[in-house]
1. Placing one identical point scatterer on every Cα of the range 375-507 and ignoring solvent, what is log10 I(q)/I(0) from the Debye formula at q = 0.15 Å⁻¹?
2. Diagonalise the Cα gyration tensor of the range 37-185 and give the resulting equivalent ellipsoid semi-axes, square root of 5 times each eigenvalue, largest first, whole Å.
3. To test your reading of the geometry: what angle, between 0 and 90 degrees and rounded to tens, separates the Cα axis of helix 96-106 from the longest principal axis of the chain?
4. Stretched out fully, how many nm does the piece from residue 51 to residue 560 gain, at 0.36 nm a residue minus the Cα gap?
5. Given a Förster distance of 30 angstrom, what is the FRET efficiency for residue 180 paired with residue 266, based on the Cβ-Cβ distance and rounded to 0.05?
6. Tell me the mean residue ellipticity at 222 nm calculated for the chain from its helices only (DSSP H runs of n ≥ 4, each -39500 (n - 2.57), averaged over every residue, nearest 500).
7. Stretch residue 518-residue 387 to full length: gain in nm at 0.36 nm per residue minus the Cα-Cα span?
8. I'm a student and want to see the number: the projected area of the Cα convex hull of the range 106-255, averaged over all directions, in nm².
Ligand code: B12
Ligand code: SF4
């Protein structure tokens, strides 16, 4: 770490030799802020980017909103216009020279690397390196910086490369702090590290996330985003969120949420991903949903919502019903595992496996699609136990989409800190911390076995037979056939065909010859384009085959009158007190004696 954190290393200044005095040089000129949400690299070292991405970046929207507010308040002086542009590298090719030119044309400015996750840190460094070489100030924020600084002693060792390049780091949340950063950068004396981790801003009346329409329309379905709150009360050991955003629920007001909807609707955007990690624990969920219901059902805004919730949300009276009335059509649920031993091992005590089916059926009753996250690689997992558990889920749980992740010690999590402090080896390449790689050793599986388990999990869940069952369950529950077919296609194909997780998926992959990871060779054009052409044909033909197969399955389901009365074990509700699912019996001896846990009949305990 630099000795004096209040002084910029020389490289952080515009290397013209002259540090402009704020006010003098900026007077009557503009200050241009270029915001880039970096993507990350695939296994060949090419940036993962698409013609259209499938999910919006809320970090980008948050920071854009904050810079806009600074512009309105003319925080650099009455004569200085603050201009801002934003791009998400997942759906936009970053033109480094063009951006530098626009900053120079404005007279001054900076580049912001936004919401940088650990897996995006190497790509963010490569972008920062190019902008620094052109002499521009660069500031980087997001969970990698915040998580490392929050949890690790001497954390800047993880961040040293950025500091060596003269990139300024921002840890914590930027609401109420952005003006300070802009003023410092404009004056040429920005700090190497801004730390605001111990002082979390209130969210009531906080500036809200927003992006211009031309950025939002690069996301399929024109989804935008906002966070209605931050913080989660639970303590999962693999989670970084609680260590950065805290465990106390901080939330926006219904008035602010209404203002967000109206501001977006004014530019024709009414679909939102509400990015609260756990909206069910947002203590203001009810007034917020009531306001959204008013906008949706009374004022007829065509609102569509994606939410993230926990597995106990069905116990909150009216939560699921109100979410559906407000326009929720899909939820992401942190199911994580069905083995209580694994859940307890990571302090995910709130997941009660005997309630999973009731919870999933409650969403289904409201015609809301469920996406459940499932983590592979808990300490007691083996290839056999994982295979068994996926088969159980297919048969007994009415979940629509299952998505798989490696248990990963993400920088910023308790798991990472513990391994770091004990000196346990972890993958030094941050690009791999995307929950799609084994980043540390597993007690029972070799790296190869674990990798195979991950690949097999997608195949095992998305068999044509099970895809048909999911379509039949959707048909009988009144869930949109088109939506279910599209989601099944993406989630079954992204990892297997494109080699990327569905959460990073988009339409029409772009690979630029020259946008290769720093240190990897840029191939000669003949070699590159021959390889790329073959790669494109291979991937496209696999997608076409998948689409054709799923269309045929869907046509069969639609044509079959039995679909309208389809019933199976997963759809059967619990009828009497004490009735438990077969899989709960399988794990009965692992269920801790907590309040509400099923009482074990020793005879029922199976192996
Ligand atoms: C929405 C979301 C997504 C969205 C959109 C991405 C985005 N960042 O908006 C999608 C679905 C695409 C996504 C995907 C993934 N995500 Co995600 N995601 C989130 C989530 C839930 C919310 C992000 C958000 O909007 N936060 C609110 C904003 C306001 O906070 P913020 O991003 O920290 O930004 C603030 C400050 O950091 C600061 N700041 C940020 N940038 C800058 C820049 C400058 C210049 C300045 C001054 C300040 C500044 O100001 C902002 C306002 O206060 C977070 C968890 C969370 N609570 O943040 C996880 C999270 C960021 N995701 C995470 C991960 C791991 C992933 C995935 C890799 C894995 C996965 N499969 O889930 C994928 C793949 C990503 C990829 N490579 O494309 C991790 C990252 C942890 C880490 N150490 O890297 C998080 C923390 C969740 C977790 N599991 O712990 N994600
Ligand atoms: S429930 Fe989700 S957000 Fe809350 S601590 Fe667990 S992983 Fe983190």
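Any read-out appearing in this document is the output of simple, stated calculations on the displayed coordinates, not a laboratory observation. This is a predicted model, so every value here is computed, not measured. Note that we place each Cβ from the backbone using ideal geometry, even for glycine, and neighbour counts take in every protein chain shown.
1. Scattering profile of the range 375-507, log10 relative to I(0): -0.79.
2. On the way: eigenvalues 108, 73, 49 Å².
For the range 37-185, the ellipsoid semi-axes come out as 23, 19, 16 Å.
3. It works out to around 50 degrees.
4. Values: separation 509, 0.36 × 509 = 183.24 nm, distance 3.69 nm.
Residue separation times 0.36 nm, minus the Cα-Cα distance, leaves 179.6 nm.
5. Working: r = 30 Å, r/R0 = 1.00.
That gives a FRET efficiency of 0.50.
6. Working: 20 runs with 226 residues, N = 607.
Calculated mean residue ellipticity at 222 nm is -11500 deg cm²/dmol.
7. Details: separation 131, 0.36 × 131 = 47.16 nm, distance 3.86 nm.
Additional length available on full extension: 43.3 nm.
8. Values: hull surface 43.6 nm².
Mean projected area of the Cα convex hull: 10.9 nm².
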